[in-house]
Amino acid sequence: TLSRSAARLDAELNIRDNQGSTADYANYFHNSELTPQDAEAGGLLARAKGKAGAAIGFDGSEDTYALHQSGRLTDSQAEAISNAAPKNPGLQAVGIRAALEGKSADYSANLIKVAKQAIEAKAASGQQGDLFGFDESAMTEMAEKAQRATEKQKAIREQISAVKGAANKPELARKLGGMA
């Protein structure tokens with residue numbers, strides 16, 4: 001209908017103009033008939049909020065989407081969880097749990113990736129490949145690996161930041177090759 005087309009056009013213009021919140025964008029993508037390819041072709045993923053909203057709306061589980069819409073997951077947490085395990089409610093539940101415990105978006109995504117690797121390793125060895133077969137020591141090991149990965153990512157981001165803005169962190173820039 002005409003009013004539906006007008007509403008779609010209005011929503012898409014807002015996204016292109018970076019008007020509205022990531023939650024608004026996620027809601028639009030979650031409830032629209034667009035595909036990710038349509039969104040890309042229409043210029044809706046050109047900005048960070050558009051990409052985040054699309055990840056959450058298209059790839060987030062119902063729980064990830066609902067918790068983001070209710071404000072219990074931040075934009076970065078919901079986007080990281082959705083990107084780490086697209087359309088996979090089981091793995092996203094691992095990230096959701098970490099995020100709801102106050103862990104960062106990076107940590108939540110890394111925990112999902114470690115859990116996915118552990119499941120794949122179990123399956124390759126002929127064992128049942130799901131999260132419920134892990135004992136507490138396996139869960140602790142996964143958490144430690146996720147924490148190490150998160151710390152390494154943070155250090156890399158700090159190095160990149162130092163290179164970009166040597167004036168802000170000259171001591172780190174010097175370590176990277178005398179840039180300051």
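The values are calculated or read from the model by the stated rules, or taken from the named source; none is laboratory data. Worth saying up front: this structure is predicted, and the values here are computed from it rather than measured. Every residue, glycine among them, receives a Cβ derived from its backbone with ideal geometry; neighbour counts consider all protein chains shown. Quick note on the areas: whole protein, heavy atoms, side chains included, nothing else; ligands and nucleic acids left out. Shrake-Rupley method; radii C 1.70, N 1.55, O 1.52, S 1.80 Å.
Restricting region 23-40 to residues that are without any contact (Cβ under 8 Å) to a residue 40 or more places away in the chain and aliphatic (A, V, I, L, M), which is least open to solvent (accessible area, probe 1.4 Å)?
Ala39
Please note which helices (runs of 4 or more DSSP H) are completely contained in region 17-126 and include at least 1 residues that are touching a Ser or Thr at 6+ places or on another chain (Cβ under 7 Å).
Fully inside region 17-126 and qualifying: 48-54, 62-69, 75-84, 89-100, 105-124.
Identify, from the list Gly43, Gly20, the residue that is modelled with pLDDT under 95, more than 20 Å from Ile112 (Cβ to Cβ), surrounded by 14 or more Cβ atoms within 10 Å (Cβ to Cβ) and of a type in the set (Gly, Ala, Ser). Give the steps one after another, and end with the answer.
Working: Gly43 fails: surrounded by 14 or more Cβ atoms within 10 Å (Cβ to Cβ).
None of the other options fit; the residue is Gly20.
How many residues, within region 54-90, are modelled with pLDDT of 95 or more and open to solvent by less than 50 Å² (accessible area, probe 1.4 Å)?
Within region 54-90, the subset modelled with pLDDT of 95 or more is 54-89.
Now narrow it down to the ones that are open to solvent by less than 50 Å² (accessible area, probe 1.4 Å): 54-61, 64-65, 67-68, 73, 77-78, 80-82, 84-85.
Residues meeting the conditions: 20.
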